[in-house]
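To start, the structure itself, in C-alpha cells.
The values are calculated or read from the model by the stated rules, or taken from the named source; none is laboratory data. What you see is a predicted model; the values in this text were computed from it and never measured. Reconstructed Cβ throughout: ideal geometry from the backbone, glycine too, with neighbour counts over all protein chains shown. In case anyone asks, the SASA skips ligands and DNA or RNA and just uses the protein heavy atoms, side chains included. Shrake-Rupley method; radii C 1.70, N 1.55, O 1.52, S 1.80 Å.
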Amino acid sequence: MNSLRVSAPGHARTALPDIPPSPRLPAEREDELYAAFEGWWRQLREAADGDGGVDCREFVSAMTAGVDRDPAYLEKGLVPAVRALFRAADADGSGHLGADEYRALFGGPRVHPAELNDGFRAMDADGDGQVEEEDFVAAFCAFFTARSDGSAGAGLLGRA
C-alpha cells in the first residue's frame, strides 16, 4: 500500500492510506511546502483554544474573523501556503498548471474525473487550458473564505 506522509508542526507524521503515489518533490520544494503550511498552521492555532489542534469550528472562525479584521490576513498564512502548493504541483516548472498537473494534485480514488475537469475549467479563468498561479491563489482564497456553499470558490474541485 502506498501512502502520503503529512504532519502538523510538532506532531509525528502519519500515513494516509489509499492515496495514489505521486512523483517525489525535490527536497527544496518539499521544505518550502512544509514551511509554508507550517506558517499557516501557526496562524490558525493563534485563534484556536490552545489544545494544539484546530477543529472545524476554530478553522472557520479563524479564517472569517481574520479576513474581517485584517485585509492582509490571507497574505500572512494561506497565500504563501497556496503559492508553495502551486509550485510543488507545477512539475515542469512552466509557471502554470496543465490539466495533467491539476489531476495529479487533486485526483484520487474518491474524486470523479468529471469533477476534476469541472474544477480545472472553473479555475482556468481565461480558458487557455492552463491555470495561472494568480488564478490558483484566487480560487483557494475564495474557497477557504466562502461563507456559504454558493459562494465563489465553493466549487474548487468541481463540486458546487
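Overview of values
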{"read-out": "Scan of the stretch 44-59 for residues that are part of a helix (DSSP H, G or I) and surrounded by fewer than 16 Cβ atoms within 10 Å (Cβ to Cβ), ordered by number", "value": "E46, C56, R57, F59"}
{"read-out": "F86, sole failed condition from (1) open to solvent by 60 Å² or more (accessible area, probe 1.4 Å); (2) within 22 Å of Y73 (Cα to Cα); (3) touching a residue at least 12 places away in the same chain (Cβ under 8 Å)", "value": "(1)"}
{"read-out": "Of residues in the stretch 22-40 being farther than 16 Å from F140 by Cα and hydrophobic (A, V, I, L, M, F, W, C), the one modelled with the lowest pLDDT", "value": "L25"}
{"read-out": "Leading residue by the ranking (modelled with the lowest pLDDT) among those in the stretch 117-153 that are among the aliphatic types (A, V, I, L, M) and buried (at least 16 other Cβ atoms within 10 Å of the Cβ)", "value": "A146"}
{"read-out": "Among residues of the stretch 90-148, those that are closer than 25 Å to Y73 by Cα and either among the polar types (S, T, N, Q) or in contact with a Cys (Cβ under 9 Å, 6 or more places away or on another chain) (or both), counted", "value": "2"}
{"read-out": "Count - residues of the stretch 48-84 that are farther than 18 Å from A146 by Cβ and of a type outside the set (D, E, K, R)", "value": "7"}
{"read-out": "Condition check for A62: surrounded by 18 or more Cβ atoms within 10 Å (Cβ to Cβ), of a type outside the set (D, E) and at pLDDT below 90", "value": "yes"}
{"read-out": "Cβ-Cβ under 7 Å pairs, at least 6 apart or on other chains, the stretch 49-78 side among the basic types (K, R), far side open to solvent by 100 Å² or more (accessible area, probe 1.4 Å)", "value": "none"}
{"read-out": "Condition met for A72 (modelled with pLDDT of 90 or more, of a type in the set (A, V, I, L, M) and open to solvent by less than 60 Å² (accessible area, probe 1.4 Å))", "value": "yes"}
